[in-house]
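Below is one structure, written out as structure tokens, with a few remarks after it.
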Amino acid sequence: MEEIKKKYIIDESSKKVAVQIDINDYEKLEQLIEDYALGKYMEENDPTEVLTLNEARVLYEKMKTEEKGGNTGK
């Protein structure tokens, strides 16, 4: 994996309190985390339940939309 260029934000005591990274690096990290979480989710579910590729894509997009919109289904 490529090195992530970081800029540290420090407080008055020169203590690191935050980090700033390039948007492209952030998007790559976000995708890696999302892919990892999806893989874990798939491992934890009933292996006998089989979806077609299209069904899986529809379900995944629905889950992403609900997550981003804060929809809890209530």
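The values are calculated or read from the model by the stated rules, or taken from the named source; none is laboratory data. From a predicted model like this one, the values you see are computed outputs, not experimental measurements. With ideal geometry, Cβ positions are generated from the backbone for all residues, glycine too; neighbour counts draw on all protein chains shown. Just the protein is used for accessible areas: all its heavy atoms, side chains included, with ligands, DNA and RNA removed. Shrake-Rupley method; radii C 1.70, N 1.55, O 1.52, S 1.80 Å.
In the range 24-66, what residues are β-branched (Val, Ile, Thr) and assigned to a loop (DSSP other than H, G, I, E, B)?
Thr48, Val50, Thr52
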Qualifying residue in the range 61-72 (condition: touching a Lys or Arg at 6+ places or on another chain (Cβ under 9 Å) and of a type in the set (D, E, K, R)): no
Scope the range 1-22; condition open to solvent by less than 100 Å² (accessible area, probe 1.4 Å) and out of contact with any strand residue (DSSP E or B) (no Cβ under 8 Å at 6 or more places or on another chain); matching residues: Ser13, Ser14, Asp22
Flag for Tyr26 being surrounded by 10 or more Cβ atoms within 10 Å (Cβ to Cβ) and closer than 20 Å to Arg57 by Cβ: no
